[in-house]
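A.B. asks: The following block contains the structure, expressed as structure tokens.
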Amino acid sequence: MERERINLNSIDAYNKLYGLQTLHPLVTVIDLKKAKKVVNHVSLSYGVYALFLKNGVNCSIRYGRRSYDYQEGTVVSFSPGQTIDFDMDEVELAPDVVGLMFHPDLIYGTPLADKI
């Protein structure tokens, strides 16, 4: 299956993907229950840091050569340079997923940037 590759190099790119409003260019708190668009069967190339808590969402994420099956209550994180293939088992317009996403520029020049 040929997947659409989506580059997530900004907070706004992620928010537009799901039909969410961008309130700050470098950081966002994500609540996909407010999503207005469905995303499925795509390849996501991260240029931002992301941390998600998936509540009641069953999906498969392929990273590298391995597939991971994420069930309810799973915490998932991504960093710039990672590319994943994303497939939801049951397509939901507004899945129960919350998260935090920030652009690397937010921590540029800080001790945290040297550690992650």
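A.B. asks: First select every other residue whose beta carbon is under 14 angstrom from the beta carbon of Ser10; then total the charges, Lys and Arg +1, Asp and Glu -1. Provide the component values of the computation, followed by the final result.
C.D. replies: On the way: positive: Lys16; negative: Asp12, Asp105.
Residues near Ser10 contribute -1 overall.
A.B. asks: Something else: Taking θ = phi - 60°, what integer Hz values does the Karplus form 6.51 cos²θ - 1.76 cosθ + 1.60 yield along region 8-21, in sequence order, with x for Gly and Pro?
C.D. replies: 9, 9, 8, 5, 4, 4, 5, 4, 5, 4, 9, x, 9, 8
A.B. asks: Using 0.36 nm per residue of separation minus the Cα-Cα distance, give me the extension gain between Leu112 and Val38 in nm, one decimal.
C.D. replies: Details: separation 74, 0.36 × 74 = 26.64 nm, distance 3.34 nm.
Working it through step by step, the gained length comes to 23.3 nm.
A.B. asks: Related question: State the dimensionless ratio Rg/Rh of the chain (Rg: radius of gyration of Cα atoms; Rh: Kirkwood radius). Kindly include the intermediate steps, with their values, before the conclusion.
C.D. replies: Working: Rg = 13.8 Å, Rh = 14.6 Å.
So for the chain, dividing Rg by the Kirkwood Rh gives 0.95.
A.B. asks: Where in region 10-45 does the label zone of Met88 land, with the point 7 angstrom along Cα→C-beta and an amide N cut-off under 12 Å?
C.D. replies: 18-19, 32-42
A.B. asks: Right, here's the next one. With a 1.4 Å probe and all protein chains in place, put Arg3, Arg62 in order of accessible area, largest first. Display every interim value, and only then the final one.
C.D. replies: Numbers: Arg3 60, Arg62 90 Å².
Per-residue accessible area, sorted high to low, gives Arg62, Arg3.
A.B. asks: Please work out the ratio of the alpha-carbon Rg of region 7-58 to 2.2 N^0.38 Å and round it to two decimals.
C.D. replies: 1.11
A.B. asks: So how much accessible area does Ser77 have, in Å² to the nearest 10, using a 1.4 Å probe?
C.D. replies: Surface accessible to solvent at Ser77 totals approximately 80 Å².
The values are calculated or read from the model by the stated rules, or taken from the named source; none is laboratory data. Worth saying up front: this structure is predicted, and the values here are computed from it rather than measured. So basically every Cβ, Gly included, is an ideal-geometry build from the backbone, and we count neighbours across all protein chains shown. These area figures cover heavy atoms from the full protein model, side chains too; ligands, DNA and RNA do not enter into them. Shrake-Rupley method; radii C 1.70, N 1.55, O 1.52, S 1.80 Å.
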